[in-house]
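Okay, structure first, notes after.
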Amino acid sequence: MKQPILHPDGSKNWTILLLGLALLPILAACGGTPTAAPTATTAPLVVTDALGRTVTLGGPPERIVIAGKSSLTLVDTLYLFPDAGERLTGLVVGRQPVGEFISLLDPAWGAKTTLAPDAGAEQIAPLRPDAVLLRSFMAEKLGRSLEELGLPVVYLDLETPEQYFRDVAILGKLLGDEERAAAIADFYQSRLDRIAGATADLRDEDRPRVLLVQYGDKGGEIALNVPSASWLQTTEVELAGGAPVWKEAAQGGGWTVVNFEQIAAWDPELIFLVSYKTDSAQVAARLKADPQWQSLGAVQAGRLYGFPADIFSWDQPDPRWLLGVTWLAGRTHPDRFPDLDMVQEVSRFFQEMYGMEETAVAEQILPRLRGDVE
């Protein structure tokens, strides 16, 4: 008789049990259990994920599914590895459709199974994944049900530079390509070292007061938000040699609404404008012409800039965050980066990180650049 699945506290979780029983016929029709059992010729693969969990697999996974919310960074980071396209079986498509970019890298993109951000175990299990990649904050909402069905789940964060280096190493071990993981880390570290070296002698008074603000006008209502003090956007400003004026006011875990009066009180020396829906350079141009914004010292000095993007904005916890830090450093301290050429940086990034040909970058990426890139 099948034993009921128990929670850590010993109670019976009948929802998970019934779900597991309901999925058995589906899994059988798909060819058996979803996990790849170790064989005599394949040594088990053991990885430690972002939550410190030890995950054992039969070997490097051949069928990977990326699920849960905020998975853009998982997909784009996985594709830093050259054989990602062969291994990725299914993924979430949310508000930022990854296909516009990944289709440039992966000819088989159209064959992937797409999932909704709220897809549960009953949609994921029939894909027979050898490994499911989730953001760590999805552990309780989705991860537990997958784990209780016997699906190997690997959690990643990718929210800070430190987490990014750690999680790229985890992916390298998971994919059996630790050499590529080291090459990715070296690429990022060399550019961060260049910025750190150029700004190392900055005194506190040499760090300009910087405002990074997200602009939205959904339904005609203007919304201004600053990122959490713990988020990557704040860290990017600090790495670039700036002092985030909003940091003390944004200690929560998400975007914080601000008004123009607060911005005026902060009196930033530089303003970096993020706009996910429209070209940030166009929004910046409108604000520069607005009499209210013209009262700000940063606008009067011509130091209001639209944050760059290509297909995705460079401020997000996506591999492009490195481009965001590099651009911010050049705008914050132009005298310390006199030879910075962002078009060249973009071309090199997509060539070395995604294996794109120079002509492909010129034809597919550079025409999509938005914001005040140069």
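Structure summary
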{"item": "Residue 166 over 15 Å from residue 47 (Cα atoms), crowded, with 16+ Cβ neighbours inside 10 Å and in contact (Cβ under 8 Å) with a residue 12 or more places away in the chain", "result": "no"}
{"item": "Qualifying residue in region 173-184 (condition: touching a strand residue (DSSP E or B) at 6+ places or on another chain (Cβ under 9 Å), among the basic types (Lys, Arg) and in a helix (DSSP H, G or I))", "result": "yes"}
{"item": "Subset tally (residues that are in contact with a helix residue (DSSP H, G or I) (Cβ under 9 Å, 6 or more places away or on another chain) and at positive phi) for region 218-228", "result": "0"}
{"item": "Tally of residues being farther than 21 Å from residue 204 by Cβ and in contact with a helix residue (DSSP H, G or I) (Cβ under 7 Å, 6 or more places away or on another chain) across region 229-263", "result": "2"}
{"item": "Matching residues, region 181-200, being within 25 Å of residue 81 (Cα to Cα), surrounded by 13 or more Cβ atoms within 10 Å (Cβ to Cβ) and of a type outside the set (Val, Ile, Thr)", "result": "181, 182, 183, 185, 187, 188, 189, 191, 192, 194"}
{"item": "Lone unmet requirement of (1) under 15 Å from residue 74 (Cα atoms); (2) touching a strand residue (DSSP E or B) at 6+ places or on another chain (Cβ under 9 Å) for residue 112", "result": "(1)"}
{"item": "Residues being in a helix (DSSP H, G or I) and either surrounded by fewer than 19 Cβ atoms within 10 Å (Cβ to Cβ) or touching a strand residue (DSSP E or B) at 6+ places or on another chain (Cβ under 6 Å) (or both) - total across region 144-160", "result": "4"}
{"item": "Single residue of 223, 285, 240, 298 found to be within 22 Å of the chain's Cα centre (by Cα) and either within 30 Å of residue 101 (Cα to Cα) or in contact (Cβ under 8 Å) with a residue 60 or more places away in the chain (or both)", "result": "240"}
{"item": "Flag if residue 67 is in the same structural domain as residue 48 (by TED's automatic domain parsing), small (Gly, Ala, Ser) and in contact with an Asp or Glu (Cβ under 9 Å, 6 or more places away or on another chain)", "result": "no"}
{"item": "Test: residue in region 317-336 that is free of Cβ contacts under 8 Å to residues at least 60 places away in the same chain and exposed (fewer than 14 other Cβ atoms within 10 Å of the Cβ)", "result": "yes"}
{"item": "Meets criteria (out of contact with any strand residue (DSSP E or B) (no Cβ under 7 Å at 6 or more places or on another chain) and of a type in the set (Gly, Ala, Ser)) for residue 220", "result": "yes"}
{"item": "Failed item, numbered, when residue 360 is tested on (1) in a helix (DSSP H, G or I); (2) in contact (Cβ under 8 Å) with a residue 40 or more places away in the chain; (3) surrounded by 19 or more Cβ atoms within 10 Å (Cβ to Cβ)", "result": "(3)"}
{"item": "Residue 332 being in contact with a Gly (Cβ under 9 Å, 6 or more places away or on another chain) and closer than 22 Å to residue 276 by Cα", "result": "yes"}
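Residues are listed down the side, and each one gets a yes or a no for (1) in contact with an Asp or Glu (Cβ under 6 Å, 6 or more places away or on another chain); (2) farther than 11 Å from residue 226 by Cα; (3) of a type outside the set (S, T, N, Q):
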{"residue": "241", "(1), (2), (3)": "no, yes, yes"}
{"residue": "257", "(1), (2), (3)": "no, no, yes"}
{"residue": "261", "(1), (2), (3)": "no, yes, yes"}
{"residue": "274", "(1), (2), (3)": "yes, no, yes"}
{"residue": "293", "(1), (2), (3)": "no, yes, yes"}
{"residue": "300", "(1), (2), (3)": "no, yes, no"}
{"residue": "304", "(1), (2), (3)": "no, yes, yes"}
{"residue": "311", "(1), (2), (3)": "yes, yes, yes"}
{"residue": "315", "(1), (2), (3)": "no, yes, yes"}
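Okay, residues lined up against (1) at pLDDT below 95; (2) assigned by TED's automatic domain parsing to the domain that holds residue 158; (3) touching a Lys or Arg at 6+ places or on another chain (Cβ under 9 Å); (4) closer than 30 Å to residue 82 by Cα:
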position	(1), (2), (3), (4)
208	no, no, yes, no
213	no, no, no, no
223	yes, no, no, no
245	no, no, yes, no
254	yes, no, no, no
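The values are calculated or read from the model by the stated rules, or taken from the named source; none is laboratory data. All figures in this text were calculated on a predicted structure; none of them were measured in a lab. Ideal geometry is used to build each Cβ from the backbone, glycine not excepted, and the neighbour counts take in all protein chains shown.
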